[in-house]
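Reading through the structure tokens given below for one structure.
The values are calculated or read from the model by the stated rules, or taken from the named source; none is laboratory data. Not measured: the values here are computed from a predicted model. In this analysis, Cβ positions are derived from the backbone assuming ideal geometry, glycine residues included, and neighbour counts consider all displayed protein chains. To get the accessible areas, we keep the full protein, side chains included, count just its heavy atoms, and leave off ligands, DNA and RNA. Shrake-Rupley method; radii C 1.70, N 1.55, O 1.52, S 1.80 Å.
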Amino acid sequence: MTTISTDTPTVVGAPGTPRLTQLDALESEGIHVMREVAGEFERPVLLFSGGKDSIVMLHLARKAFWPAPVPFPVMHVDTGHNFPEVIEYRDRTVAELGLRLVVASVQDAIDDGRVVERPGGSRNPLQTVPLLDAITAHRFDAVFGGGRRDEEKARAKERMFSLRDEFGQWDPRRQRPELWDLYNGRHKQGEHVRVFPLSNWTELDVWRYIEREGIDLPDIYFTHERDVFARDGMWLTAGSWGGPRPDEHVERRHVRYRTVGDMSCTGAVDSTAADVADVIAEVAASRLTERGATRADDRASEAAMEDRKREGYF
Amino acid sequence: MGTHAPAGLAQPAPSDVTAVVDLDDHTQRDLLRLATAGSVDDGKSTLIGRLLYDTKSVLADQLSAVERATAARGGGGAGVDLALLTDGLRAEREQGITIDVAYRYFSTARRAFVLADTPGHVQYTRNMVTGASTAELAIVLVDARKGVLEQTRRHAALTALLGVPNVVLAVNKMDLVGFDEATFRSIAREFADYAHVLGLPAVHAVPLSALDGDNVVDRSVRAPWYDGPTLLELLESVPVARDASTEPLRLPVQYVIRPRTPEHPDYRGYAGKVASGVVRVGDELRVLPSGRTSRVVALDTFDGPLEAADAPRSVTVRLADDLDVARGDVLVPAAEHVATGQDLVGTVCWLTERRSVPGARVLVRVGTRTVRGLLREVDARLDVDTLTVEQWDPVDTLHTIDATDTSTEAAPRSLGLNAIGRARLRLAEPVVLDDYATHRRTGGFLVVDPADGSTLAAGLIGPTLLDRLAPVRANERDDDWLAGAGI
């Protein structure tokens, strides 16, 4: 039998020692969900954007299957309007861990006419078509997403295992009851299941976990100087994606990002937070949710997220 | 950017409860999962909104969105509608009811909470079952003007059935009965009597007003006769988990880890989450259902080896002997006698509109194991309003019922949506048959439709509430239970 480690074993949770903390419990639940998917599905894939939630998911996946490598590929839905720092992080991580990367490209979908660019310039809603096309082309039957129920009220209704029909649609009235930790991943041919191992995490949990585990993140999560302009109460990055308009003025500010997404709709916040501890203090004191602060597309209507999820968006 | 209290809401009184943020304490904080239950319009969404608001878990943009939504509905005169914080779906806001279970998160310095916000409407009782299955505590909500209703009893019965270890009765809308002590006492007594019949643990009743915030997070000055804890104080003080070291070990195997890499050519580990009890290096374990035994030589994690791991930690177990262990097997103490078998009798909550069909071929999921099964018969049905059990004569339905005919007439002893009954199933392979009453983490099962994968029923192995209640012969009843409310 192979020897794995010569470290001194640690006693955890046995009588007389502290029981699992909140972060331990969330981590254990996430690992459990990952292993369920690997045990039940033929072709899982993990959505990896280079954002903090998907980075934490990947970290859980490494823990779940260690000492074996992560037994599924990762997929990035590339809007074509990415932050270069994030693409660099993505490619470096994939190389370091020996992962297989599938890229679903919004630009390709625009070029071959499957989707049409929107007047507002936001490519975020355009991700749905290339995502579903890639799921079909690669016959993925389980798709891990980093969605958290605390993000948005439609997401609060999401199950850990969320069945999508052959059109990728989510029907909140037809969700399967989810009992104990018996996750039912049965599906028909052509259907797939979206799996959300971070469902029960909050933004602060994610940051505290990143701190505890010493997880590396793209630089844009920390303060830096950037050319930005104001639109709809957010700081957007000037760039080839289409901003600023003639009436919008670029200025150089100290900012950081709370979420990572399409440049056209992901706003930066004024910040001096230089490391994870600073970010935790800032998030803990913030009176705005991360989506409220930095996502333009969720403000469109009271049910913007619900409507997009019904169409197959994450 | 300071937040302000919504117009019309009482400004929360100073509280000794430290809200959301405590940067020093979170590493010691544990996690409590709870579920709410209550009838339509009893103010459940408002109570949750109040809990979130008074623990300062509502952020400014969420609050302003709710203010806008309140104003758009012509409200605003009476203050912000806190219920709009939780009813997230379009149809829910349109109809003013909660359709589907939602999960909310809030925390104090002492504890983080995952709250399953379950619908009160009879049509969605299955979601109450969903929320209660993992809950360590249930809040049963009652409108002080209406008292204990059919739906209150139904939810209390489900709470008892699912073995939720802690129950709090929240008597809401006390402001509308002038904080009358006698009204509160009478409701609490009626509920306590009912809870006793159900075998529920001790129930703590709290008089409160979710609308105004009395006794939710902050103590009310309007009910001086009540000297018990506030709702939040109760939530912070109930024990989260039983002592894992005294529970028998159950470790359902999820996945076999075999790297086959140059570093680990022969590694073989059994990955799973400890469902109950503790596993230690050196333990003699039995692999069920095969029955073979071996010894734990290592408990591996990414972060290094462990000497012991307790529920609900995810670990990877290595055994001394090269046994054939696969997903679906369960590791248990070698010295303990654990029941296994192919005949499963249990209480089922029917979760779909399609009625149960005697003789139906189904899939049964127990732990990490899924086996083919036959739904032989349903021989009893629980009336949660009267707490009586309709007992049906045993008939070998396999040979008398045409399983392809799903019309009501052809299914005289079947269960419809939200019905609770006792089912007998025959399984193609043996499984671990833990009694749900003593093994809440491993005694549950799912009945799944093999055709489309939908979850037909949630089941509890072994004698449960149904067997403790007095049976009533089917022919002694003159009402047609098929036409029962919502069934």
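Note on B:LYS173: lysines with a C-alpha under 28 Å away, same-chain residues under 8 apart excluded, are A:LYS153, A:LYS157, B:LYS44, B:LYS56, B:LYS146. Approximating the spin labels as points 7 Å out from Cα along Cα→Cβ, the A:ILE87-to-B:ASP322 distance works out to 5.0 nm. Taking H placed 1.01 Å from N in the peptide plane, check which residues at least 5 places from B:THR301 or on another chain put their amide H under 5 Å from its amide H. When sequence neighbours closer than 5 places are left aside, the close amide H contacts are B:LEU306. Electrostatic bookkeeping for B:GLU284 treats Lys and Arg as +1 and Asp and Glu as -1; over the other residues with beta carbon under 13 Å from its beta carbon, the sum is +1. Dipole magnitude for segment B:173-275: computed about the Cα centre from +1 point charges on Lys and Arg Cβ and -1 point charges on Asp and Glu Cβ, it is near 740 debye. Stretching the chain fully between A:ARG252 and A:HIS138 yields a gain of 36.8 nm (0.36 nm per residue, less the alpha carbon separation). Take segment A:126-223 with all the other protein chains still there, run a 1.4 Å probe, and you get 32 Å² of accessible area per residue. The loop-placed GluC sites (Glu not before Pro) in segment A:122-166, going by DSSP, that have at most 16 neighbouring Cβ atoms within 10 Å of their Cβ come out as A:GLU166. Chain B packed on chain A takes about 7900 Å² of accessible surface away from a 1.4 Å probe, both sides summed.
Find the percent of Cα-Cα distances in segment B:158-292 that exceed 23 Å, and round it to a whole number. Summing the P(r) tail past 23 Å for segment B:158-292 gives 57 percent.
Semi-axes of the equivalent ellipsoid of segment B:412-463 are 19, 15, 11 Å, computed as sqrt(5λ) over the eigenvalues of the C-alpha gyration tensor in descending order. Assuming charge only on the beta carbon of Lys and Arg (+1) and of Asp and Glu (-1), the dipole of segment A:149-288 about its Cα centre is about 720 debye to the nearest 20.
Note on A:ASP232: accessible area is roughly 110 Å² with a 1.4 Å probe, heavy atoms of protein only. A probe of 1.4 angstrom, applied to the heavy atoms of all protein chains, finds A:ASP270 with accessible area near 80 square angstrom.
Among the trypsin sites (Lys or Arg not before Pro) within segment B:246-345, those in coil by DSSP and having at most 11 neighbouring Cβ atoms inside 10 Å are B:ARG260.
Between A:ASP275 and B:GLU263, the FRET efficiency from the beta-carbon distance, with R0 = 45 Å, is close to 0.85. With all protein chains present, how much of the accessible area of segment B:102-207 (probe radius 1.4 Å) comes from carbon and sulfur, to the nearest whole percent? After summing per-atom areas, the C and S share lands at 49 percent. Counted over segment B:244-375 with a bin width of 10 Å, the fraction of Cα pairs per bin, in whole percents, is 11, 39, 28, 16, 6, 0.
Evaluate the Kirkwood expression for the hydrodynamic radius of segment A:103-232, namely the inverse of the mean inverse distance over all pairs of different C-alpha atoms, and round to one decimal in Å.
Hydrodynamic radius (Kirkwood, Cα only) of segment A:103-232 equals 17.6 Å.
Principal axis extents of the Cα atoms in segment B:218-281, from largest to smallest and rounded to whole angstrom, are 71, 25, 16. Each listed q (0.23 Å⁻¹) maps to a log10 I(q)/I(0) for segment A:74-157 from the Debye sum over equal C-alpha point scatterers, namely -1.24. About the centre of its Cα atoms, segment B:219-323 shows a dipole size close to 360 debye [charges on the beta carbon of Lys, Arg (+1) and Asp, Glu (-1) only; nearest 20 debye].
Counting only protein chain heavy atoms and rolling a 1.4 Å probe, the accessible areas of A:PHE167, A:PHE222, B:PHE445 rank, largest first, as A:PHE167, A:PHE222, B:PHE445.
For segment A:178-277, the equivalent ellipsoid derived from the Cα gyration tensor has semi-axes of 35, 21, 10 Å, listed largest first. The alpha-carbon of A:LYS63 sits under 27 angstrom from the alpha-carbons of these lysines, leaving out residues fewer than 8 places away in its chain: A:LYS52, B:LYS273.
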